[in-house]
Amino acid sequence: MNQKVTVVGAGNVGATAAQRIVEKELADVVLIDIIEGVPQGKSLDLSQAAPIEKHDAHLTGTNAYEDTTNSDIVIITAGIPRKPGMSRDDLLSTNRGIIKNVTKQVVKYSPNAILIIVSNPLDAMCHVAMEESGFPKHRVIGMAGVLDSARFRAFISMELNVSVENIHALVLGGHGDTMVPLPRFSTVAGVPITELLSPERIEAMATRTRNGGAEIVSLLKTGSAYYAPASAAVEMAESILKDKKKILPCTAYLEGEYGISGLFVGVPVKLGKNGIEQIISLKLTADEKKALDKSAAAVQELVDAMKKMA
Ligand code: APR
């Protein structure tokens, strides 16, 4: 492999993302964590799976940022996950400190990398990473919309008993309770779900999507979702590494798009080798715009709360 992806945080999301990247032979992976031994042990374990999984991607487990030098992409999953009863916002202060520290180290060794942020509260952590890195907005991208849309797609597939491959869905806004599933832009083989399902059923699936993370936290009891979050981050990385130019809902820094300025919010973007290559502006109805504004206001609240922190 000649491309290099660093995954910061060798916990559930990070290790699963590393596994998916090497198994797809997208890049060599450096897995880094603050805990000594864990990234080394997981990397060695994954390397020993390679002959069976039949890939030749290399894995390095480390606690030293020197080893991350010249990464093309850095996926940041470091931080603490939610426990039952906690909202993503409850993680704000702890994860802010962690993301600040991690970003500083990452950019020192990979000044040209594209950052994919996974740690929660996601939208706020994107602000921290952009501020700390000084990177341009097209190189700081949050993973939320791909995950939230995948959850919506999974629920639509279960409801209609149709292949997930036939289903596209769009969820915009912040990665919190106010996220905005958009049924008009969610389709089964090209047909909007608004023509296939009752408004009540659609609303039930939209609500389950909004609570998708909490549903899993309450089942797991000791941590939060990680298979789907890792898949989502890797789909974004793949589009960048292969310059596929996929249109994916991602958390992007808006400067006037959708009437929102100076804020990270989930919108459809085109992902290619330069990171975010275009922000796609959709024409929203008045109700959809109102919901997006409400979601943006929730992100703004967290950003304001961080400004008051030392
Ligand atoms: N530098 C590097 N790694 C760190 C640091 C740090 N400063 N602080 C914590 N970590 C590591 C932890 O040691 C742990 O291995 O981050 C890892 C987090 O892993 P988990 O606890 O398993 O959490 P995970 O489920 O992977 O979630 C990580 O992603 O989805 C979000 O809300 C979730 O913010 C959380 C993050």
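Bear in mind these aren't lab numbers, they're just calculated from the coordinates by the rules spelled out. Nothing here was measured: the structure is a model prediction, and the numbers come from that model. Methodologically, a virtual Cβ is constructed for each residue, glycine included, from the backbone with ideal geometry; neighbour enumeration extends over all protein chains shown.
A few comments on the model shown:
- Listed by chain and number, the lysines whose alpha-carbon sits under 21 Å from that of residue 294, ignoring those within fewer than 8 places in the same chain, are 283, 307.
- Rounded to 5, the percent of DSSP beta bridges in the stretch 4-142 classed as antiparallel: 0
- Shape class of the stretch 145-309 from the alpha-carbon gyration tensor: rounded, with the ratio a/c of largest to smallest axis under 1.5.
- Each of residue 2 and residue 255 was given a label point 7 Å from its Cα along the Cα-to-Cβ line. The distance between the two points is 3.3 nm.
- GNM top mover of 242, 42, 137 - the chain, alpha-carbon springs below 10 Å: 242
- Segment residue 242-residue 35, length gained on full extension (0.36 nm per residue, minus Cα span): 71.3 nm
- Label-to-label distance, residue 165 versus residue 218, with points set 7 angstrom from Cα along the beta-carbon direction: 3.5 nm.
- Here the simple spin-label model places points 7 Å from the Cα toward Cβ, and for residue 44 and residue 195 these points are separated by 5.8 nm.
- For the chain, share of DSSP beta bridges that run antiparallel, in % to the nearest 5: 50
- Span-like helix criteria (full DSSP H runs; alpha carbon extent of at least 24 Å along the helix axis; mean Kyte-Doolittle hydropathy of at least -1.0) are satisfied in the chain by 92-109, 286-307.
- Highest-fluctuation residue, 125, 143, 205 considered, GNM on the chain with Cα pairs under 10 Å: 205
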